[in-house]
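As structure tokens, the structure follows; a few thoughts come after it.
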Amino acid sequence: MTQATPLLSVRDLRVNFRLENGEHFQALKGISFDIAANCTVALVGESGSGKSVTAMAIMRLLPDHHTAIAPGSDILFEGRNLLAADRRSLRALRGREIAMIFQDPMSSLNPVFTVGDQIIETLMLHTGMRRKAARQRAIALLQEVGLPEPGRKVDAYPHQLSGGQQQRVMIAMAIACEPKLLIADEPTTALDVTIQQQILQLLAQLQKKHGMAVLFITHDLGLVGEFADEVIVMRHGEIREHGPLQQVFSQPQDAYTKALLNCRPRLDSRPARLAVIDDFLQDRPYQVPPQRTRGYAPGDDIVLDVQGLCKSFESREGLFGKHVFHAVKDVSFQLARGKTLGIVGESGSGKTTVGLTLMRLHQASAGRALFNGQDILAMSPREFHACKRRIQIIFQNPYASLNPRFTVEEILLEPMALHGIGHDHAERKQLAAALLERVGLPRRALQKYPHEFSGGQRQRIAIARCLTMKPNVLICDESVSALDVSVQAQVLNLLQDLQDECGLSYLFISHDLSVVKHISDQVMVMQQGQVVEQANADTLYANPQHPYTRQLLSAIPQGWPHQEG
Amino acid sequence: MFAYILRRLWQMVPTLFGVMLLLFILFHWVGGDPSYILAGKSFSAETLANIRHQLGLDQSLPAQFLIFARQVLTLDFGISWSTQQPVAEILASRIGPSLTLALPMLLVSLLLSVIIAAIVAYVRGSLTDRIVTLICTLAMSVSALVYIIAGQYWLAHKLGWFPILGWSDSLATNLWRYIPLPLLLGLVVSLAPDIRFYRSCFIEEMGHDYVRTARAKGLSERAIMLKHVMRNALIPVVTSLMMSLPYLFLGALLLERFFGIPGMGNEVLNAVDRSDFPVIKAITIYVALATMLFNLLADIVYKLIDPRVQLK
């Protein structure tokens, strides 16, 4: 505490949700914490820990009709009880005294209004500025948050900006009225690693400049080390640990905090198995597993040999014109049996296009892809059908990539029937059940629908679906990026086990360099459709040759500087 | 934009050709020999041959198609077989009464359904919402014919609030006297499905993240609904509206028939009754053209309300 009266004081906050089936769910089980003025507090926890509920409760944005805040709860902002405030004074408070930015800037901005309009709206609402003055102020704000060409971008629509720029606009909107408290709910989760770092730096800089307090919400403890003053760790609606940054990082008291600190893959260590939450919640102390060495060996059997792969997209321009966009330019690599090739790069680098082209979901413009010696890009659709099941893909969004109207059984059995795997339905069902158990889900999951599972479980189902076809190559396209750090560790361990057991080869596409380092033998760095660097993982990370690789590496959150190894 | 419109117009040529071909083939094979219809009861081989020659039916099929193509290109479909008036003249005189009914109906229905839908979406889950949903479902389950007959019987015949049917030459008299009852009945039929559809458009938009952002800014629920949600929800509304515009020209078949409104709908039914091929052909081509043009217009309007749309 740096001041006697805190800016915000949350006391014994209990929030219950009424579920559709009439049951109650305790989202927050009596949490208390303070935020001092001009201080950054990080609220860390997994999905379902109640961290976002806390933020929404402070803003009083929880939907009234199925939320109950228990009597005895208090949220005091500068001494005023927000839970007792009427709608009018709450509206005057929101956006002016307390502002908020969200995880997904694209959907958080209204798509049909210009970004300028949306900032001007806030200014006119709270400061009584006239439109013209508000516009000037909006341009100045966009300048302040580092948006290039603010005078022009003020009239742009959200979809015309990149993800990082959209988040800058959200920040400009939030700081427009100089709020005393800024709540940032996972503001960088949807962004690339370099953009993430820029946004974090921007927030830290604005916090100092404007003397705001910041409540920074994230699932990734590794992010907050560089700028938070205090850390609150939450789980299942309770606060597990609360203390100054240094203390939480160097002497974590709670087993759960220790687990969160350890489950993130690191650049300086590659354990054979990543730590997961359960390792720490058991009675016996956590044993660090032995290190794993990785890298291609000279005698490795090459499964997939890609030579000079190109993919360009054409779009129409004007009456007769055509615009050609080269998404992938002359990409060559070799994937060894039982090994992993990591592909890293930012959005738009062409890494996903490489994966989709190899699946023949895009038609390659040029190049060869030799799979066990045969060029799969030159095959007729009929010939390719036999190879299809050998190369499988797991997508990023486990919520969107499973058919919501299919049960897990249907999801797993459909590809088997299509490729003639298993003799009859009974045998296929047997296989499916065995695979589900292999990926760590119970047999009874077969009868359920995707929405009944969490993100990590859905990704397991997606993995099981690929495994039904006994593939040789698995393309993991940002497969763990949408997951919490703790769940990510479990899925990475599963992928590792499967590789060791079945000799699978992975093409591991990700923007997260720590994850790629952990799982890859060879790493390929892509920028604007081209490969800028390719080497054994350890070599590349220890001695990056290309400036772009160095830039990516420097953007990785360093955690707490004095964190023990 | 200009290049886009030009390209779209150019694409209409093959579409129109397809419609013409289909229409031609249908009339040739299914329509029977029109000379029998034209000759009436007292025909001789000579009159039939004469009529065939006049219509060009004695020429080869491609030549006949060329005649039809010329009619479409000049928009001159000759004279009606039943009334001997030029087709263009007939259609020109029918379009007015149709629009007199259809335009007010479209505007009132749009306005009412959007407002009611926005209100029930705002109070979704409440008693008002449930009652409106119930009424809509009930209203949709009853045939339009029932409304028309019941309306004419109770409101016009028993209560005498409206004339049962009729039409005059004065626009004011029509709007004041003859339009209100068919308009009212037409609204009863069209409002229910529209309210339900628009309500779901609004509710879907209200669940989006940008609404949460707007709340976090401190905007009132009213401002959020009227500014942020409305414009986004209007995108599907406008789409469905533009799709329905070509039907304006076809008129409301049932309403025009029952209320004796001499509009396009009535004309279509008459033409079919009398096998008046030139009129049917002309109307089919006009509706095809109107559909294509309004589809283009829909895409352009779409671009105006939704900046994300790219016209390619």
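The values are calculated or read from the model by the stated rules, or taken from the named source; none is laboratory data. Note that the coordinates shown come from a computational prediction; the quantities given were computed from them, not determined experimentally. Quick reminder, even Gly has a Cβ in these numbers, built from the backbone with ideal geometry, and neighbours come from all protein chains shown. Accessible surface is based on the protein model in full, side chains and every heavy atom, while ligands, DNA and RNA are left aside. Shrake-Rupley method; radii C 1.70, N 1.55, O 1.52, S 1.80 Å.
Observations
- Odd one out for A:Pro290 among (1) on the phi > 0 side of the Ramachandran plot; (2) open to solvent by 70 Å² or more (accessible area, probe 1.4 Å): (1)
- Options A:Ala364, A:Ala327: the member that is in a strand (DSSP E or B), at pLDDT 90 or above and of a type in the set (Gly, Ala, Ser): A:Ala327
- Matching residues, the stretch B:131-147, being under 19 Å from B:Glu204 (Cβ atoms) and open to solvent by 40 Å² or more (accessible area, probe 1.4 Å): B:Thr133
- Residue that is nearest to the chain's Cα centre (by Cα) [pool: residues in the stretch B:56-101 that are hydroxyl-bearing (Ser, Thr, Tyr) and under 17 Å from B:Ala271 (Cα atoms)]: B:Ser98
- Failed criterion for B:Phe249 (all others in (1) modelled with pLDDT of 90 or more; (2) under 25 Å from B:Phe27 (Cα atoms) hold): (1)
- The combined condition, being under 29 Å from A:Phe371 (Cβ atoms), of a type in the set (Lys, Arg) and over 19 Å from the mean Cα position of the chain (by Cα), is not fulfilled by A:Lys517.
- Scanning the stretch B:216-245 for residues that are open to solvent by 40 Å² or more (accessible area, probe 1.4 Å) and outside any helix (DSSP H, G or I) yields a total of 0.
- Any hit, the stretch A:453-470, residues being farther than 30 Å from A:Asp301 by Cβ, hydrophobic (A, V, I, L, M, F, W, C) and open to solvent by 40 Å² or more (accessible area, probe 1.4 Å): no
One line per residue, one yes/no per condition, for (1) in a helix (DSSP H, G or I); (2) within 14 Å of another protein chain (Cβ to nearest Cβ); (3) out of contact with any Pro (no Cβ under 9 Å at 6 or more places or on another chain):
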| site | (1), (2), (3) |
| --- | --- |
| B:Val132 | yes, no, yes |
| B:Tyr147 | yes, no, yes |
| B:Ala156 | yes, no, no |
| B:Pro163 | no, no, yes |
| B:Trp167 | no, no, no |
| B:Leu184 | yes, no, yes |
| B:Tyr198 | yes, no, no |
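- Looking at A:Leu274, A:Leu245, just one residue is of a type outside the set (Val, Ile, Thr), open to solvent by less than 40 Å² (accessible area, probe 1.4 Å) and over 30 Å from A:Val15 (Cα atoms), and that residue is A:Leu274.
- Matching residues in the stretch A:78-120 - criterion: being over 22 Å from A:Ala37 (Cβ atoms), more than 7 Å from every other protein chain (Cβ to nearest Cβ), open to solvent by less than 50 Å² (accessible area, probe 1.4 Å) and touching a helix residue (DSSP H, G or I) at 6+ places or on another chain (Cβ under 8 Å): A:Pro105, A:Phe113, A:Val115, A:Gly116, A:Gln118, A:Ile119, A:Ile120
- Of the residues making up the stretch A:413-431, those that are farther than 24 Å from A:Asp497 by Cβ and in a helix (DSSP H, G or I) are A:Glu414, A:Ala417, A:Leu418, A:His425, A:Ala426, A:Glu427.
Conditions tested, residue by residue: (1) assigned to a helix (DSSP H, G or I); (2) among the hydrophobic types (A, V, I, L, M, F, W, C); (3) more than 24 Å from A:Asn403 (Cβ to Cβ).
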| site | (1), (2), (3) |
| --- | --- |
| A:Ala433 | yes, yes, no |
| A:Ile461 | yes, yes, no |
| A:Leu483 | no, yes, no |
| A:Leu494 | yes, yes, no |
| A:Ser514 | yes, no, yes |
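- Of all residues making up the stretch A:146-190, the number that are away from chain B (no Cβ under 13 Å), surrounded by fewer than 23 Cβ atoms within 10 Å (Cβ to Cβ) and not in a helix (DSSP H, G or I): 7
- Per-region count, the stretch B:202-225, residues over 22 Å from A:Met59 (Cα atoms) and within 14 Å of chain A (Cβ to nearest Cβ): 2
- So A:Leu370, is it crowded, with 22+ Cβ neighbours inside 10 Å and touching a residue at least 60 places away in the same chain (Cβ under 8 Å): no
Residue-by-condition table, conditions (1) under 27 Å from A:Leu206 (Cα atoms); (2) assigned to a helix (DSSP H, G or I); (3) at pLDDT 95 or above:
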residue	(1), (2), (3)
A:Thr2	yes, no, no
A:Phe33	yes, no, yes
A:Val41	yes, no, yes
A:Gly48	no, no, no
A:Val53	yes, yes, no
A:Pro71	no, no, no
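- Restricting the stretch B:272-285 to residues that are buried (at least 19 other Cβ atoms within 10 Å of the Cβ) and touching a residue at least 60 places away in the same chain (Cβ under 8 Å) leaves a set whose member that is nearest to the other protein chains (Cβ to nearest Cβ) is B:Ile285.
- If you go through the stretch B:99-127 and pick out every residue that is open to solvent by less than 80 Å² (accessible area, probe 1.4 Å), more than 21 Å from B:Leu183 (Cβ to Cβ) and hydroxyl-bearing (Ser, Thr, Tyr), you end up with 1.
- Applying the criterion of being in a loop (DSSP other than H, G, I, E, B) and either of a type in the set (Ser, Thr, Tyr) or within 14 Å of chain B (Cβ to nearest Cβ) (or both) to the residues of the stretch A:260-316, the residue that is nearest to the chain's Cα centre (by Cα) is A:Ser269.
- Residue list for the stretch A:76-112, filter: within 27 Å of the chain's Cα centre (by Cα) and either assigned to a loop (DSSP other than H, G, I, E, B) or of a type outside the set (A, V, I, L, M) (or both): A:Gly95, A:Phe102, A:Gln103, A:Asp104, A:Pro105, A:Ser107, A:Ser108, A:Leu109, A:Asn110, A:Pro111, A:Val112
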